[in-house]
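To keep things clear, I will list the structure first and then write my remarks on it.
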Amino acid sequence: LRKVPWVLREEGSGTRAAMDESLTTLGIDILSLNCVIMVRNAGAVARCLSAGMGAAITSAITVADALAAGHLVAIDIPGLIMERSFFIVFHRKRTLFPAAVKLIEFLKMNVTNVGVGGQK
């Protein structure tokens, strides 16, 4: 992994933090990687990958079209397990738009560990 040219997210991003934590469990310091470019968002990661600049650890959603078209390939890194937490935050005393209610209902039915109001 240390010899591969890497496209990394900037420090402070959730993806970068999750990658750093996951690599640490494998005994790899993220700073020891061959970083060829550091970018600010997932779209920039996808563009760099499509341009052949290197490899990246990113969400499948970010590169779904390029994967489906065969422009990119996904490679499993044995032992690497990445998990991220996302939060839906809203004002408890305000009425949610119907679309927001539907989104929360969808997530509760389709995603593990979804909670509302601090409860799972």
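None of the figures in this text is laboratory data; all of them are computed from the coordinates on show. Just so it is clear, the structure is predicted and the values come from calculations on it, not from any experiment. Here the Cβ is made from the backbone with ideal geometry for all residues, glycine too, and neighbour counts use every protein chain on show.
Being touching a residue at least 12 places away in the same chain (Cβ under 8 Å), out of contact with any Pro (no Cβ under 7 Å at 6 or more places or on another chain) and among the charged types (D, E, K, R), is that true of even one residue in segment 45-54? No - not one qualifying residue is present in segment 45-54. Of the helices (runs of 4 or more DSSP H) entirely within segment 1-107, those holding at least 3 residues that are surrounded by 10 or more Cβ atoms within 10 Å (Cβ to Cβ), of a type outside the set (A, V, I, L, M, F, W, C) and under 15 Å from the mean Cα position of the chain (by Cα) occupy 14-25.
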